[in-house]
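The values are calculated or read from the model by the stated rules, or taken from the named source; none is laboratory data. None of the values given here were measured: they were computed from a predicted structure. Reconstructed Cβ throughout: ideal geometry from the backbone, glycine too, with neighbour counts over all protein chains shown.
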Amino acid sequence: MIPGSKGLKSDASLLARGFLNLGPAKNISNLLTLRVQGDTDRRKHMLYDKDIREPLFDFLEERYGKTRIIEEKQVGRSRADVILVRPSDLTGIEIKSDADTYARLERQIKDYDQYFDFNYVAAGSRHGIHIAEHVPPWWGIITIEQEETGVDFYMLREAAPNPNRRLRAKLSLLWRPELAHIQEINQMPKYREKSKVFVIDKILSKVPEPLLHEQISQELFERDYTTIEETIRQYKRSR
């Protein structure tokens, strides 16, 4: 074997295929070319975040029906890639593309578990074999494969109810005007001069939990990012 060529084909094998016939310098050059070409081919088949998102949204809509997708929402010290809003629950989805590592996953799991009723990791094929070792048993797993016809998704494991979800944290995802609407429909005082934390405590003490889950989802279904700044300004002026 040529020094430093561990893991490559033997000289005899390469000679038989016509790669080793131009002298030592050319032999090494050809070996390096083969290695670079192999790396390039692997990168061509890697799935990046940008390749995954839109097909993933189509998959979720087809699987769950009435949903709304919210992207890149701050939760604790992490940023949730995807929040799937359904009529009575919220699902957090962390995307791990083939280019991602597990470096932040432990922190992300702790943060997602505070806010969402269910959680999934959507993992590229590079992670597919080992991803179950890195997430809790109540997390679901969606694996992603690049096929000739496009990106395919497989439900490797359904998510179970998250035992660590805190309703207070989930309710904090709503903006103040959205909380005010929940106060209104539950015939609560407005508490305009009080803090958001105070209002959340009052809502938690007043509204039954099953109903509150539905009302949180409804507020997120109706959230309009094109008008929210004006809505917040109007709310502040009315205080």
Next item on the list: Within segment 126-154, track down each residue that is at pLDDT 95 or above and of a type outside the set (V, I, T).
Entry: P136, P137, W138, W139, G140
Item checked: Residues of segment 151-166 classified as of a type in the set (V, I, T) and in contact with a Ser or Thr (Cβ under 8 Å, 6 or more places away or on another chain), total -> 0
Margin query: I'm checking my understanding of the structure. Among residues of segment 46-84 that are surrounded by 14 or more Cβ atoms within 10 Å (Cβ to Cβ) and among the basic types (K, R), which one is farthest from E94 (Cα to Cα)?
Written below: R68
